[in-house]
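Worksheet: the structure to be examined is printed underneath.
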């Protein structure tokens, strides 16, 4: 497979493959219906909409969409709609999940439900964002910017594996992964530095496979070869990273929001770690972002 | 080592505290005779003379200063080293506790403030193709990361004195795997990265590694572990005193090893030898102290 360097390229790859089946939880609103129909009409997915049948049909009408293109499962109430959507996935009737008008809290509760959710024992739910930033020469796969506030070494290992898996699915067989800190020095009192050094060594021991992992690295060294040269960081990851692992949610969150709001970046984001990938777009996301997120989930499914 | 010292015309003065000690007499006599050491004995003069005659048949190969009180002898010897009248401080027939406490004395001792005291041994083995530097056999029970960093500096520095410009360092563990729950394995990972980042002296470093992966290229090949040390370690840095102590004593007992060891961190070399070491090892300790006392080698 060719390595994907622009988010648009996901569409071409998906069109070549049999369609994955999307299940949308509480898809009552226009935004959700429109995003799903866009993805469906582009040949990226087939779709089941779980939600209030009347509301769905009304939204379809407003968006000038023929509701018969969807499989509609009637659930009047939001929490139950999320549960039903998850049940459909567990019954093998869907490959990826998408959030509709239901709140993130309820949506996540349905995914994380111990008995009927999407988690295998011991699995860690995390969040992967793939960013296309005009001033960077390729995609950047980053995490966790949304779910795990302050990951420990075990959670970081889980996040790292998801970042690497995402890179693989996007056609990058041996991604360069940077573990971010505020400096390249290993400062024993700074947990981000310590964990980064340990993860880097674990990867060189083959305990984390399928990637070159380097850290601690500061952001300038991660994305700018010149900085790496000046600071004498001799690593093939420096200045050419495919993935960035953030030490906490604040740094990752600020990074992606800065890039989307001020640097003209586009993004696609999904929740991973469960049995299937899940789209968790917020109402503030653009239609484009929603489409990219559905495409990414389909790539990962 | 002796040849090297003589070739470089190195001759150092060793001040022995409480020198009425048959344990060290033979080794010092040999060093003086070889020509790379001068001995200054501080202690009970009459007893020292008597012992020297008994052990070496002569009492004219050392400078003698009568300081009958133990503690005084230790401080007098240390002061000579501090003042530059002697180059090496050596423990004689005095308790290690009292002796080291004096060395650690904040005002009159030989350890600068905030300096880690440790111990490095150079071991010669019939079945290993080169010297093996091991640390810490004697001083730090459970070294933390900062202390391990100091141990690494000392061992690399000593290896360089032996002409090993780029020593291969193995950070010893029970396995090469890094596990969050085994903090010695994560410390090893951190030390490797600190070397890579230039925070510690340049060397070829890897760890955790078990002894097989550190010292046996065949094991490296069989296990298929990619390690730059490649089974050819010059330096073994152990995670605990017990492990290191048991390892070196095992080598002495079963591996036909001889050693030269030295306290590290002090401003001038300090020799503390165990009575149970062989005469050859004692002589090597003295030679090592003279080598390390030389500023420019």
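Residues in region B:16-63 that are crowded, with 18+ Cβ neighbours inside 10 Å and not in a helix (DSSP H, G or I): 16 in all. Take the conditions modelled with pLDDT of 95 or more, assigned to a strand (DSSP E or B), under 16 Å from residue A:255 (Cβ atoms) and not assigned by TED's automatic domain parsing to the domain that holds residue A:26 and apply them to residue A:141. Does it pass? Considered against the rule, which asks whether it is modelled with pLDDT of 95 or more, assigned to a strand (DSSP E or B), under 16 Å from residue A:255 (Cβ atoms) and not assigned by TED's automatic domain parsing to the domain that holds residue A:26, residue A:141 comes out as yes.
Here is the figure for region A:16-32: residues that are at pLDDT 95 or above and in a helix (DSSP H, G or I) total 0. Looking at this structure, is residue B:227 assigned to a loop (DSSP other than H, G, I, E, B), modelled with pLDDT of 95 or more and either away from chain A (no Cβ under 14 Å) or within 27 Å of residue A:206 (Cα to Cα) (or both)? Spelling it out, residue B:227 is indeed assigned to a loop (DSSP other than H, G, I, E, B), modelled with pLDDT of 95 or more and either away from chain A (no Cβ under 14 Å) or within 27 Å of residue A:206 (Cα to Cα) (or both). Scanning region B:167-194 for residues that are more than 24 Å from residue A:154 (Cβ to Cβ) and touching a helix residue (DSSP H, G or I) at 6+ places or on another chain (Cβ under 8 Å) turns up B:167, B:169, B:170, B:172. When residues in region B:83-111 are screened for being more than 16 Å from the chain's Cα centre (by Cα) and closer than 18 Å to residue B:290 by Cβ, 4 of them pass.
Scanning for something over 17 Å from residue A:287 (Cα atoms) and under 22 Å from the mean Cα position of the chain (by Cα), does region A:51-70 turn up at least one residue? No: zero hits.
Looking only at residues of region A:191-224 that are away from every other protein chain (no Cβ under 14 Å) and assigned to a helix (DSSP H, G or I), we find that the one that is surrounded by the most Cβ atoms within 10 Å (Cβ to Cβ) is A:222.
Considering the conditions (1) closer than 19 Å to residue A:192 by Cα; (2) assigned to a helix (DSSP H, G or I); (3) over 20 Å from the mean Cα position of the chain (by Cα), residue A:227 is excluded by exactly one of them, (1). Being surrounded by fewer than 19 Cβ atoms within 10 Å (Cβ to Cβ), within 14 Å of chain B (Cβ to nearest Cβ), within 30 Å of residue A:11 (Cβ to Cβ) and under 23 Å from the mean Cα position of the chain (by Cα) is the requirement here; does residue A:161 meet it? In short, no.
For every residue, the table says whether it meets (1) buried (at least 24 other Cβ atoms within 10 Å of the Cβ); (2) part of a loop (DSSP other than H, G, I, E, B); (3) on the phi > 0 side of the Ramachandran plot; (4) away from chain A (no Cβ under 12 Å).
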position	(1), (2), (3), (4)
B:185	yes, no, no, no
B:188	yes, no, no, no
B:195	no, no, no, no
B:198	no, yes, yes, no
B:202	no, yes, no, yes
B:205	yes, no, no, no
B:212	no, no, no, yes
B:219	no, no, no, yes
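Out of all the residues in region A:170-189, which are surrounded by 17 or more Cβ atoms within 10 Å (Cβ to Cβ) and more than 14 Å from every other protein chain (Cβ to nearest Cβ)? Result: A:170, A:172, A:175, A:176, A:177, A:180.
When region A:261-301 is filtered for residues that are farther than 22 Å from residue A:172 by Cβ, assigned to a helix (DSSP H, G or I) and touching a strand residue (DSSP E or B) at 6+ places or on another chain (Cβ under 8 Å), the ones remaining, listed by number, are A:288, A:290. From the list B:151, B:158, the lone residue that is buried (at least 24 other Cβ atoms within 10 Å of the Cβ), within 18 Å of residue B:245 (Cα to Cα) and either more than 10 Å from every other protein chain (Cβ to nearest Cβ) or under 17 Å from the mean Cα position of the chain (by Cα) (or both) is B:151.
The values are calculated or read from the model by the stated rules, or taken from the named source; none is laboratory data. These numbers were taken from a predicted model, which means no experiment stands behind them. Backbone-built Cβ (ideal geometry, glycine too); neighbour counts: all protein chains shown.
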